[in-house]
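The values are calculated or read from the model by the stated rules, or taken from the named source; none is laboratory data. Nothing here was measured: the structure is a model prediction, and the numbers come from that model. Methodologically, a virtual Cβ is constructed for each residue, glycine included, from the backbone with ideal geometry; neighbour enumeration extends over all protein chains shown. Note: areas computed on protein heavy atoms with side chains; ligands, DNA, RNA excluded. Shrake-Rupley method; radii C 1.70, N 1.55, O 1.52, S 1.80 Å.
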Amino acid sequence: MRVRDIAAAVEEFAPLGIQEGWDNSGLCVGSPDDEVHGVLLGFDCTPELVDEAIGCGADMVVTHHPLIFGGIKKVSPDDPVGLALMKAVRAGVAVYAAHTNADKVLGGVSGAMARRLGLLDIEILDKEGDLTGLGAAGNLPEPMDSRSFIEYVKSRFSLGAVRCSRPLDSLVRRVAMCGGSGSSLIGKAMESGAQAYICGDISYHHFFTPNNFMVMDIGHFEGEVEIVSILFSLLRKKFPTFAVRTSSRLAASNPVYYF
């Protein structure tokens with residue numbers, strides 16, 4: 001097995017060409033021709049994830065967030081990105097990411113959020129074509145009052161708490177969502193006819209909403225982490241006898257702590 005084989009399987013699901021212009025999905029460490037004996041999947045390529053890959057004999061790491069987002073002026077062990085890069089290069093571990101390309105297919109991040117809520121008639125929220133775009137929207141099987149809906153979301157995403165705008169006096173029938181930082185799609189969510197919009201990283205002023213619309217911030221990690229299991233299932237199905245595993249630290253890898 002070679003790096004290019006793993007990459008091709010992921011890109012069949014989420015083509016690199018649809019990623020956002022600012023993104024850096026794809027292979028950022030290693031060569032497509034490098035031989036691979038095992039793959040470890042995680043959410044972020046941290047030094048700890050690279051150490052775990054080395055420890056379990058995986059010579060390729062596949063994550064959602066890219067290790068390298070922008071320009072790097074120096075590679076230092078004092079910086080988490082630099083340390084992860086150094087560890088990966090020294091150990092010959094290839095590093096690959098499926099980020100916004102995995103956000104923009106309905107089988108990816110936002111679609112997974114919609115399916116977790118059991119929504120019906122799921123569609124892309126901000127379409128770029130018939131089959132790609134950011135976010136998702138769909139209808140609840142039965143309308144809910146807003147406070148029941150909040151508790152339902154907490155239960156479905158295993159949340160201890162959620163940041164939310166003022167609960168509605170009316171029922172929630174249609175829901176829109178976007179994994180990760182999704183505040184730029186609040187307008188699209190309202191245009192879709194949704195009464196509630198779920199994403200992460202919502203800033204203070206976005207919580208001032210119209211009377212018939214509410215926003216919910218469930219956290220960046222919490223909204224996106226299911227993509228790891230999606231990629232795992234994809235690779236196991238494509239390569240059923242190959243060594244593919246998910247990080248044993250996945251659940252604890254959220255860099256945001258709640259007290």
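Couple of notes before you dig in:
- Residue within region 47-59 that is of a type outside the set (Phe, Trp, Tyr), on the phi > 0 side of the Ramachandran plot and exposed (fewer than 14 other Cβ atoms within 10 Å of the Cβ) present: yes
- A single member of Asp126, Asp121 is touching a Lys or Arg at 6+ places or on another chain (Cβ under 6 Å) and assigned to a strand (DSSP E or B), and it is Asp126.
- Members of region 186-201 found to be under 17 Å from Asp103 (Cβ atoms) and open to solvent by less than 10 Å² (accessible area, probe 1.4 Å), listed by number: Ala189, Tyr197, Ile198, Cys199, Gly200
- When region 238-259 is limited to residues that are assigned to a loop (DSSP other than H, G, I, E, B), open to solvent by less than 70 Å² (accessible area, probe 1.4 Å) and among the small types (Gly, Ala, Ser), the one that is nearest to Met1 (Cα to Cα) turns out to be Ala243.
- From the options Val228, Val172, residue that is of a type in the set (A, V, I, L, M) and either closer than 22 Å to Val62 by Cβ or surrounded by fewer than 21 Cβ atoms within 10 Å (Cβ to Cβ) (or both): Val228
- Check on Leu235, buried (at least 16 other Cβ atoms within 10 Å of the Cβ), assigned to a helix (DSSP H, G or I) and touching a His at 6+ places or on another chain (Cβ under 9 Å): no
- Hits in region 142-169 (condition: of a type in the set (Gly, Ala, Ser), over 17 Å from the mean Cα position of the chain (by Cα) and open to solvent by 30 Å² or more (accessible area, probe 1.4 Å)): Ser148, Ser155, Gly160, Ala161
- Selected residue [out of contact with any Lys or Arg (no Cβ under 7 Å at 6 or more places or on another chain) and either open to solvent by less than 40 Å² (accessible area, probe 1.4 Å) or in a helix (DSSP H, G or I) (or both)] from Leu40, Leu67: Leu67
- Within region 125-135, at least one residue is surrounded by fewer than 20 Cβ atoms within 10 Å (Cβ to Cβ) and under 16 Å from the mean Cα position of the chain (by Cα).
- Counting the residues of region 74-99 that are surrounded by fewer than 23 Cβ atoms within 10 Å (Cβ to Cβ) and either outside any helix (DSSP H, G or I) or touching a residue at least 24 places away in the same chain (Cβ under 8 Å) (or both) gives 12.
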